[in-house]
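> I am attaching a structure below and will ask some questions about it afterwards.
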């Protein structure tokens, strides 16, 4: 079975590299490594688990999320513009290459406009 190295980066500067099997989501791999990532529905509908692709296969040039990940189902919580900007739903995304990802609740906050500002 193929596996990939996923480097997770939090806004605090914390970084951790974990291994994910090709049939395993990023969230599942993180849980197996005893790392807590935010999540809600586990079906790709709420967006709580959003991460942002920073680098794929050793290159930080623009890499399409759809080339770096396969989804178990349609990522309903992401609009096309979000996917184009590199956002990925970690609860349903299975890696297809080594990746570096921004993770944590602040990533989800980037997707949602605050109506109180």
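Read-outs throughout are calculated quantities, based only on the coordinates presented, and are distinct from any laboratory measurement. This is a predicted model, so every value here is computed, not measured. Neighbour counts run over all protein chains shown; Cβ positions are idealised from the backbone, glycine included.
> To make sure I understand, if each residue's beta carbon is the centre and we count other beta carbons within 10 Å, what order do 59, 3 fall in, fewest to most?
59, 3
> So for 19, 9, fewest C-beta neighbours within 10 Å to most, what's the order?
So the ranking, lowest neighbour count to highest, is 19, 9.
> Once you have the Cα-Cα distance between residue 97 and residue 2, take 0.36 nm times their residue separation minus that, and quote the gain in nm to one decimal.
In short, 33.2 nm is gained.
> Continuing with this model, one more query. Report the residue, chosen from 76, 14, 42, that carries the largest GNM mean-square fluctuation when the chain is represented by alpha-carbon nodes joined by springs under 10 Å.
14
> From the Cα gyration tensor of the chain, with a ≥ b ≥ c the square roots of its eigenvalues, which class applies: rounded if a/c is under 1.5, or else prolate if a/b is larger than b/c, or else oblate?
rounded
> Order these by the 10 Å Cβ neighbour count, fewest first: 90, 78. Before the final figure, lay out each step's value.
On the way: 90 25, 78 20.
Final ranking by Cβ density, sparse to dense: 78, 90.
> From Cα pairs below 8 angstrom and at least 6 apart in sequence, can you work out the relative contact order of segment 9-117, rounded to a whole percent? Let's see the in-between values first.
Details: 186 pairs, mean separation 40.3, N = 109.
It rounds to 37 percent for segment 9-117.
> What number, rounded to the nearest 500 deg cm²/dmol, is the helix-based mean residue ellipticity at 222 nm of the chain, given -39500 (n - 2.57) per DSSP H run of at least four residues and division by all its residues?
My calculation for the chain gives -4500 deg cm²/dmol from helical runs alone.
> Percent antiparallel among DSSP beta bridges with both residues in the chain, to the nearest 5?
80
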